[in-house]
Amino acid sequence: MARTNPNIIVTGTPGVGKTTHAEQLARSLGFKHISVNQIVKDEGFHEGKDEETGSWIVDEEKLLDYLEETDLSALGGHILDWHACDLFPERWIDLVIVLRCDSTTLYDRLTARGYKGKKLEENMDSEIMQVLLDEAREGYREEIVVELRSDKVEDVDGNVERVEGWVEGWRRDNPKGREEDEGEGAKEGEGEGAKTLV
Ligand code: DAT
């Protein structure tokens, strides 16, 4: 089956604004917001918490099987909101948005959320070292990976407008929809069964 709407990943370090963007995008585009963190918690796709950081240790295999069952790849019109991205097979995905945030701003957002110690430090390092951007570039074709700023409130509206324009273009380019296996050099989800900390 060909999907008639694109699937979009919104990723980035915790606190950059993924949920804020994903909710607004889902509303304005009429797409379904998939909060992967919520699914992990609700469905129990984890193996307890990491002692040092208190983060869930995700069972990626179960998570992927669950998402596969939802048929999101064939349906399209999903916004996948997670702080990791290379888990999702490229044949599911049409656009990968990596949100970036100034480190002082991110520090304030994460401390407001109660992050401290190792958890705060690891996430700050991750943003500074652009870990998610590199992960996205390694996992997906260069032309579908977009880096967007999320420092200020105005950035959200601007980003949403930009993505709306991109979705219109995608529909024009794919008038009959897009088959799962279209596109060259699709890389399969790497690291299946690996462990990710949330
Ligand atoms: P994430 O889902 O990446 O963890 P979030 O959407 O929950 O991030 O946002 C974290 C906090 O920062 C929340 O209080 C909303 C705020 N925020 C997000 N994006 C912002 C932006 N571009 N400008 C100002 N505040 C923002």
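The values are calculated or read from the model by the stated rules, or taken from the named source; none is laboratory data. What you are looking at is a predicted structure, and each value in this text was computed from that prediction instead of being measured. Methodologically, a virtual Cβ is constructed for each residue, glycine included, from the backbone with ideal geometry; neighbour enumeration extends over all protein chains shown.
Kindly indicate whether residue 132 is of a type in the set (A, V, I, L, M, F, W, C), out of contact with any Leu (no Cβ under 8 Å at 6 or more places or on another chain), in a helix (DSSP H, G or I) and touching a residue at least 40 places away in the same chain (Cβ under 8 Å). First the steps, then the outcome.
Values: of a type in the set (A, V, I, L, M, F, W, C): yes; out of contact with any Leu (no Cβ under 8 Å at 6 or more places or on another chain): yes; in a helix (DSSP H, G or I): yes; touching a residue at least 40 places away in the same chain (Cβ under 8 Å): yes.
So residue 132 fits the description; yes.
Among the residues of segment 99-114, those identified as within 11 Å of the ligand (Cβ to nearest atom) and touching a residue at least 24 places away in the same chain (Cβ under 8 Å) are 99, 100, 101, 102, 105, 106, 109, 110, 113. Screening residue 90 on (1) surrounded by fewer than 21 Cβ atoms within 10 Å (Cβ to Cβ); (2) within 11 Å of the ligand (Cβ to nearest atom); (3) charged (D, E, K, R); (4) closer than 23 Å to residue 39 by Cβ shows it passes everything except condition (2). Here residue 160 fulfils each of the conditions (1) farther than 17 Å from residue 13 by Cα; (2) more than 13 Å from the ligand (Cβ to nearest atom); (3) modelled with pLDDT of 95 or more apart from (2).
May I ask you to list the residues in segment 23-52 that are in a loop (DSSP other than H, G, I, E, B), modelled with pLDDT of 90 or more and not hydrophobic (A, V, I, L, M, F, W, C)?
Passing the criteria: 30, 44.
Please determine, by comparing only the residues of segment 11-31 that are away from the ligand (no atom under 11 Å from the Cβ) and crowded, with 17+ Cβ neighbours inside 10 Å, which one is farthest from the chain's Cα centre (by Cα). This residue is 29. Only residues that are closer than 11 Å to residue 81 by Cα and either in contact (Cβ under 8 Å) with a residue 24 or more places away in the chain or away from the ligand (no atom under 14 Å from the Cβ) (or both) were counted across segment 32-58, and they come to 7.
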